[in-house]
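Derivation of every value follows stated rules applied to the coordinates shown; laboratory data play no part. Just so you know, these numbers come straight off a predicted model, no measurement behind them. Positions of Cβ are backbone-derived with ideal geometry, glycine not excepted, and every protein chain shown enters the neighbour counts.
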Ligand SMILES: [Zn+2]
């Protein structure tokens, strides 16, 4: 059964019995707990990420946006493989840049 981790958002496979896990690994359960505690301590509502993590995500989104434009040109030039390769590369970069919250109420 495919599950989505409540902390990192990545998908993971689960084949056990009983209540399915919410986290892909034990450390993510702990980090989520700590981030909720930190949000409580700071008195914030929502999600707090570091400037660095936010910048990485924005850069990756910018790169994906550029890749969409490149892919449109590749497709117009009848190069679907080139289009797919560029999009895949940018999509993987974006997935790798998903930030982990410092604090969260979610
Ligand atoms: Zn996870």
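What's the exposure ranking of 78, 59, going from fewest to most Cβ atoms within 10 Å? Could you put the intermediate results ahead of the total?
Numbers: 78 8, 59 13.
Fewest-to-most Cβ neighbours within 10 Å comes out as 78, 59.
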>> If the elastic network links every pair of Cα atoms under 10 Å, which of 96, 82, 16 fluctuates the most in the Gaussian network model of the chain?
In response: 16
>> At 0.36 nm per residue, and after removing the present C-alpha to C-alpha distance, how many nm does the segment from residue 47 to residue 3 gain when stretched out fully?
In response: 13.7 nm
> Label points 7 Å out from Cα along the Cβ direction at residue 63 and residue 106: separation in nm?
Replying inline: 2.2 nm
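Express the relative contact order of the chain as a whole percentage, based on alpha carbon pairs under 8 Å and six or more residues apart in sequence. List each step's numbers first, then the result.
Numbers: 122 pairs, mean separation 35.7, N = 106.
It comes to 34 percent, rounded to a whole number.
Summing -39500 (n - 2.57) over the DSSP H runs of n ≥ 4 in the chain and dividing by its residue number, what mean residue ellipticity at 222 nm do you reach, to the nearest 500 deg cm²/dmol? Mind dumping the intermediate values first?
Numbers: 3 runs with 60 residues, N = 106.
It comes out at -19500 deg cm²/dmol, rounded to the nearest 500.
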> P(r) of the chain in 10 Å steps, Cα pairs, percent per bin?
Replying inline: 14, 30, 28, 19, 8, 1
> Against the longest principal axis of the chain, how steep is helix 80-96, in degrees 0 to 90 to the nearest 10, with axes from Cα atoms?
Replying inline: 20 degrees
